[in-house]
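Below: one structure, written as structure tokens.
The values are calculated or read from the model by the stated rules, or taken from the named source; none is laboratory data. Only a predicted model underlies this, so the values are computations on that prediction, with no experimental measurement involved. Cβ: placed from backbone, ideal geometry, glycine included. Neighbour counts: every protein chain shown.
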Amino acid sequence: MEIYKRIYDKPLNEDGSVKENELLGDFEIIEVLVEGAYESKRLGTLNEKVYLITETEVSGRYNASKGGSQFEVKELTSVRVA
């Protein structure tokens, strides 16, 4: 699963161009811990390391162009994939 820094409700800018985004990695998801509309926690692997991938909501209430989700990826250093 490709994980990007952001998923936008509106992925295009007002001029029609695609909003800039950063690819955090292409992870193999090994377990879904929490799954919601704009939140999730997953365990994923990449290069024989295990990561906690957290998705949180970014409200578009006051700035619709920024609404959606953001992702954070943290390596779990005490866990290794055999």
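Kindly evaluate E48 against the criterion of being in contact with an Asp or Glu (Cβ under 6 Å, 6 or more places away or on another chain), of a type in the set (D, E) and touching a residue at least 12 places away in the same chain (Cβ under 8 Å). Spelling it out, it is not the case that E48 is in contact with an Asp or Glu (Cβ under 6 Å, 6 or more places away or on another chain), of a type in the set (D, E) and touching a residue at least 12 places away in the same chain (Cβ under 8 Å).
So that you can scan it fast, the table gives a plain yes or no per residue for (1) of a type in the set (A, V, I, L, M); (2) not in a strand (DSSP E or B):
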{"position": "E14", "(1), (2)": "no, yes"}
{"position": "G25", "(1), (2)": "no, no"}
{"position": "E31", "(1), (2)": "no, no"}
{"position": "V34", "(1), (2)": "yes, no"}
{"position": "R42", "(1), (2)": "no, no"}
{"position": "T77", "(1), (2)": "no, no"}
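Find the residue count for region 3-22, including only residues that are under 15 Å from I53 (Cα atoms) and either in contact with a Gly (Cβ under 8 Å, 6 or more places away or on another chain) or in contact (Cβ under 8 Å) with a residue 40 or more places away in the chain (or both). Adding up the residues that qualify gives 5. Considering region 1-39, the residues that are closer than 24 Å to E75 by Cβ and of a type in the set (V, I, T) include one that is surrounded by the fewest Cβ atoms within 10 Å (Cβ to Cβ), namely V34. Quick check on L52: is it surrounded by fewer than 16 Cβ atoms within 10 Å (Cβ to Cβ), at pLDDT 95 or above, in contact with a strand residue (DSSP E or B) (Cβ under 6 Å, 6 or more places away or on another chain) and in a strand (DSSP E or B)? Judged against the criteria, L52 is a match.
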